[in-house]
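**Student:** Attaching a single structure in structure tokens format; questions to follow.
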Amino acid sequence: MRISAAISNSLPELVAIRRDLHAHPELGLEERRTSAFIAQHLEALGYMVTTGLAKTGVVGTLRNGTGARSIGIRADIDALPIHEETGLDYASKTPGLMHACGHDGHTAMLLGAARALAERKNFDGTVHLIFQPAEENFGGAKIMIDEGLFDKFPCDAVFALHNEPNLPFGQFAVREGPIGAAVDEARITVHGRGGHGAEPQETADPIVCGASIVMALQTIVARNIHPMDPAVVTVGAFHAGSASNIIPERAEIVVGIRSFDPAVRDELERRIRTIAEAQAASFGMRATVDYQRSYDATINHKTETDFVRDLAIRFAGADKVVDLARPYMGSEDFAYMLKEKPGTYFFLGSRVTGEEKPLHHPRYNFNDDLLPIGAAFWTELAEAYLART
């Protein structure tokens with residue numbers, strides 16, 4: 001891989017940055033220390049720094065030459081509400097919070113690229129480095145956009161990556177079109193009539209009704225969605241009752257829904273509502289459905305995906321670049337940036353031994369050997385996109 005000596009020499013600094021961030025995780029929209037840390041580093045490198053978008057977002061802007069083109073590169077900065085179990089000497093110092101998705105590594109890589117871009121100044125145009133909060137929960141990307149991200153920082157294209165422990169170390173995985181799913185949640189409440197477990201005839205048992213709803217929901221993907229359209233309906237929680245001799249007043253079912261096609265997304269919502277309400281009615285009860293749409297599907301643009309693929313082949317070799325045969329069912333709020341601007345989202349593999357823990361696992365740890373690769377690739381990508389003509 002083409003990693004400059006300057007970036008290789010900066011590895012100890014990048015590791016120190018990453019581990020400092022790892023030890024001090026913060027949840028979405030609360031990343032105050034992280035935001036200040038990033039801003040301080042960017043200011044020291046000569047970037048124009050803007051803070052406060054989506055409360056804790058940071059944008060570092062660097063201009064060089066007279067070119068009118070501009071590029072945006074995003075790193076996510078938030079952590080997860082997970083109790084860390086790695087036992088590392090730089091493990092989270094905040095109980096119940098952890099960088100279990102590698103956002104500490106994404107941030108360190110982009111700060112590494114920030115240094116290289118500022119020192120080399122081998123581009124003609126404007127670079128906007130976007131450090132985005134709240135990817136994991138509150139849709140920080142959409143909040144930044146709603147607060148004027150692309151009005152204040154115009155970008156001709158935007159790019160983002162994510163580490164992936166299930167892919168071989170240093171492998172770039174790209175995909176034109178859908179690469180991440182839309183994600184929604186339905187909370188179904190079955191309203192019954194409680195009473196003594198010894199006299200069920202005097203009650204309307206929401207547990208029995210809820211069980212029927214759970215089973216009926218399993219038919220939606222199998223019988224209502226075209227077999228070639230990816231979709232997932234997962235009952236993740238069923239809450240009801242407190243004792244064997246009490247029939248409760250209500251039951252709550254929590255459902256996770258994932259899809260790619262907007263028409264499929266609409267059909268999933270329609271069928272979930274219909275099944276819940278009709279099943280409840282068949283038991284002489286009532287069901288209410290609180291249906292919340294969350295992140296949209298992440299859809300990559302062809303031109304920018306081709307650009308990343310070609311650059312990755314030159315950077316790492318053809319054997320280190322793959323096109324994903326199918327998208328991931330995980331979701332990503334970079335989707336909102338891709339709805340506003342052309343761009344692409346891709347993965348960088350980190351698997352070495354095969355024993356690596358997956359993302360969101362309490363013993364997951366970002367592979368520091370990826371730091372110079374990510375920093376170098378972001379540097380080359382910005383320079384290639386804003387190449388002097």
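The values are calculated or read from the model by the stated rules, or taken from the named source; none is laboratory data. Everything numeric in this text was worked out from a predicted model, so none of it was measured. Quick reminder, even Gly has a Cβ in these numbers, built from the backbone with ideal geometry, and neighbours come from all protein chains shown. Each accessible area value is taken on the protein alone, full model and side chains, heavy atoms only, with ligands, DNA and RNA left out. Shrake-Rupley method; radii C 1.70, N 1.55, O 1.52, S 1.80 Å.
**Student:** Residue by residue through the stretch 311-322, what is 3J(HN,Hα) from phi via Karplus (6.51 cos²θ - 1.76 cosθ + 1.60, θ = phi - 60°)? Round to whole Hz and write x for glycine and proline.
**Tutor:** Karplus-based 3J(HN,Hα) across the stretch 311-322 equals 5, 5, 5, 5, 6, 10, x, 4, 6, 9, 10, 10 Hz.
**Student:** Which FRET efficiency value, to the nearest 0.05, is calculated for Lys121 and Val232 with the Förster distance at 41 angstrom and r the Cβ-Cβ distance? Please report the intermediate quantities before stating the final value.
**Tutor:** On the way: r = 47 Å, r/R0 = 1.14.
E between Lys121 and Val232, to the nearest 0.05, is 0.30.
**Student:** Right, next: State the percent of C-alpha pairs, over all pairs in the stretch 182-294, separated by a distance greater than 26 angstrom.
**Tutor:** On the way: 1385 of 6328 pairs.
So the portion of pairs separated by more than 26 Å is 22 percent.
**Student:** Counting only other residues whose beta carbon sits under 14 Å from that of Ile313, what net charge do I get with K and R as +1, D and E as -1? Don't skip to the answer; put the middle values down first.
**Tutor:** Numbers: positive: Arg2, Arg309, Arg314, Lys320; negative: Asp306, Asp310, Asp319, Asp323, Glu380.
That works out to -1.
**Student:** Given a 1.4 Å probe, how much area per residue of the stretch 182-294 is accessible, in Å²?
**Tutor:** On the way: 5910 Å² over 113 residues.
With all protein chains present, the stretch 182-294 gives 52 Å² per residue.
**Student:** So, one more: Set Lys and Arg Cβ to +1 and Asp and Glu Cβ to -1, take the dipole of the chain about its Cα centre, and tell me which of Ile7, Tyr295, Ala181 lies farthest positive.
**Tutor:** Towards the positive end, the residue furthest out is Ile7.
**Student:** Please find the FRET efficiency linking Thr51 to Glu249, where r is the Cβ-Cβ separation and R0 is fixed at 51 Å, and quote it to the nearest 0.05. Before the final figure, lay out the partial values.
**Tutor:** Values: r = 48 Å, r/R0 = 0.95.
Rounded to the nearest 0.05, the efficiency is 0.60.
**Student:** Of the beta bridges DSSP finds with both residues in the chain, what % are antiparallel, to the nearest 5?
**Tutor:** Details: 48 of 70 bridges.
Rounded to the nearest five, the antiparallel share is 70 percent.
**Student:** Now for a different question. Less than 17 Å from a label point 7 Å out along the Cα-to-Cβ axis of Thr94: which backbone N atoms in the stretch 138-152 qualify, by residue?
**Tutor:** 138-140
**Student:** If you don't mind, there's one more thing I want to ask. Just need the relative contact order of the stretch 129-274 here, percent rounded to a whole number, with Cα pairs under 8 Å and 6+ apart. Each step should come with its number before you reach the end.
**Tutor:** On the way: 178 pairs, mean separation 37.2, N = 146.
Across the stretch 129-274, relative contact order equals 26 percent.
**Student:** Next question. With the contact rule set at Cα under 8 Å and sequence spacing of 6 or more, what percent relative contact order holds for the chain?
**Tutor:** Numbers: 880 pairs, mean separation 99.2, N = 389.
Rounded, it is 26 percent for the chain.
**Student:** By its C-alpha gyration tensor, with a ≥ b ≥ c as the square roots of the eigenvalues, how is the stretch 228-314 shaped: rounded for a/c under 1.5, else prolate for a/b larger than b/c, else oblate? Walk me through the numbers before you get to the answer.
**Tutor:** Values: a/c = 4.70, a/b = 2.64, b/c = 1.78.
Prolate shape, in that a/c is at least 1.5 and a/b is the bigger ratio.
**Student:** Let me ask something additional. Residues with beta-carbon under 15 Å from that of Arg187, excluding Arg187: net charge, scoring Lys, Arg +1 and Asp, Glu -1? Write out the running numbers ahead of the final one.
**Tutor:** Working: positive: Arg250, Arg273, Arg286, Arg293; negative: Asp184, Glu185, Glu252, Glu269, Glu277, Asp290.
It works out to a net charge of -2.
**Student:** Okay, moving on. Taking the Cα centre of each part, how many Å lie between the stretch 174-225 and the stretch 277-349?
**Tutor:** First find each Cα centre; the distance between them is then 25 Å.
**Student:** Hey, with R₀ at 30 Å, roughly what FRET efficiency would Asp146 and Gln40 work out to, going by the Cβ-Cβ distance, to 0.05?
**Tutor:** Details: r = 27 Å, r/R0 = 0.89.
Using R0 = 30 Å, I get an efficiency of 0.65.
**Student:** Sort Glu383, Glu136, Glu249 by accessible area with a 1.4 Å probe, largest first. Could you put the intermediate results ahead of the total?
**Tutor:** Values: Glu383 15, Glu136 50, Glu249 95 Å².
Ranked list, largest accessible area first: Glu249, Glu136, Glu383.
**Student:** Select from the stretch 1-59 those trypsin sites (Lys or Arg not before Pro) which occupy a DSSP coil region and have at most 16 other Cβ atoms within 10 Å, ordered by residue number.
**Tutor:** On the way: sites: Arg2, Arg18, Arg19, Arg32, Arg33, Lys55; in loops: Arg2, Lys55.
Here the trypsin sites (Lys or Arg not before Pro) that fit, given the DSSP loop and packing criteria, are Arg2.
**Student:** Quick one: which of Lys55/Lys142; Lys152/Lys302; Lys142/Lys341; Lys55/Lys121; Lys93/Lys357 span more than 23 angstrom between C-alpha atoms?
**Tutor:** Lys152/Lys302; Lys55/Lys121
**Student:** What's the carbon and sulfur percent of the stretch 182-294's accessible surface, probe 1.4 angstrom, rounded to a whole number? Walk me through the numbers before you get to the answer.
**Tutor:** Working: 3050 of 5910 Å².
Carbon and sulfur together cover 52 percent of it.
**Student:** Calculate the radius of gyration of the Cα atoms of the chain to one decimal place, then report Dmax, the largest Cα-Cα distance, as a whole number, both in Å.
**Tutor:** Gyration radius and largest Cα-Cα distance of the chain: 23.7, 83 Å.
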